[in-house]
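See below for the structure under consideration.
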Amino acid sequence: MEYSFAGLPLHVLLVHAVIVLTPLVGLILVVLAAWPAARRVLWLPALIGAALLLPLGLVTVEAGKWLEARVPEAPLIQQHTGMGEELTPWLIGLLVVAVLIAGWALVERADARRSSGPTSRGARIGVAIVLVVASLVVAVGSTWTLVRIGEAGSRAVWEGSFSEDPLER
């Protein structure tokens, strides 16, 4: 499969979307887990965002492998490429937490419509704690992993390729 667009490697284009969207989805999930009013309104966009982020991340990793085969061998590139797949479990985790939050939002919606009374206060607090902890874990884990991968990639591209002093023009 060809992983280029308009003459540019697709990896260098897609990676920016992954860098922005991964922490954004993580942050949104934390907010939704902790704030019921936001959850009622934003659970579906968060679920869609997490569902789209997973294949975007997978394509970005594959495009990175494609690009690695087309540049000269370098230990920094190999290190960066080797780290790329470490993000996949975190993207799956973001999607799982988004599904859990969406499910809880639907339970809360059904509770509001039911005449027999809502879920007990203890159960609501317990679910909220689990959702907040889970969302914090996947948000922090995915962002930290992404930072490590991105730092390795930026070193691979830029280390030793620029001057500390301005060039004379």
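The values are calculated or read from the model by the stated rules, or taken from the named source; none is laboratory data. Since the structure is predicted, the reported quantities are computational estimates derived from the model, not experimental observations. Cβ sites come from the backbone with ideal geometry, for glycine too, and all protein chains shown count toward neighbours. Surface areas here come from the heavy atoms of the whole protein model, side chains and all, with no ligands, DNA or RNA. Shrake-Rupley method; radii C 1.70, N 1.55, O 1.52, S 1.80 Å.
Taking all Cα pairs closer than 8 Å and separated by 6 or more residues, the relative contact order of segment 70-148 comes to 47 percent. Axis angle, to the nearest 10 degrees, between helix 36-68 and the longest C-alpha principal axis of the chain: 20 degrees.
Taking 0.36 nm per residue of separation and subtracting the current Cα-Cα distance, fully stretching the chain between ILE129 and VAL71 would add 16.2 nm. Protection proxy ranking of 120-126, 91-97, 78-84, by the mean of other Cβ atoms within 10 Å over each peptide's residues and highest first, is 91-97, 78-84, 120-126. Here segment 120-169 and segment 65-85 have alpha carbon centers that stand 20 Å from each other.
The dipole here belongs to segment 66-118: it is taken about the Cα centre, uses +1 on the Cβ of Lys and Arg and -1 on the Cβ of Asp and Glu, and is about 440 debye.
Relative to the longest principal axis of the Cα atoms of the chain, helix 10-34 runs at roughly 20 degrees. Using alpha-carbon pairs under 8 Å, 6+ residues apart, how would you state the relative contact order of segment 1-142 in percent? This gives 37 percent for segment 1-142.
In terms of the mean number of neighbouring beta-carbon atoms within 10 Å, the peptides 98-110, 63-75, 25-37 order highest first as 25-37, 98-110, 63-75.
Using a probe of 1.4 angstrom and keeping all protein chains present, the accessible surface of segment 74-123 works out to 57 square angstrom per residue. Computing FRET efficiency as 1/(1 + (r/R0)^6) for ARG155 and HIS16, where r is the C-beta to C-beta distance and R0 is 22 Å, gives about 0.80.
For segment 101-169, a simple Cβ point-charge model (Lys and Arg +1, Asp and Glu -1, everything else neutral) yields a dipole of about 800 debye relative to the Cα centre. For segment 1-102, with all protein chains in place and a probe radius of 1.4 Å, 76% of the accessible heavy-atom surface sits on carbon or sulfur.
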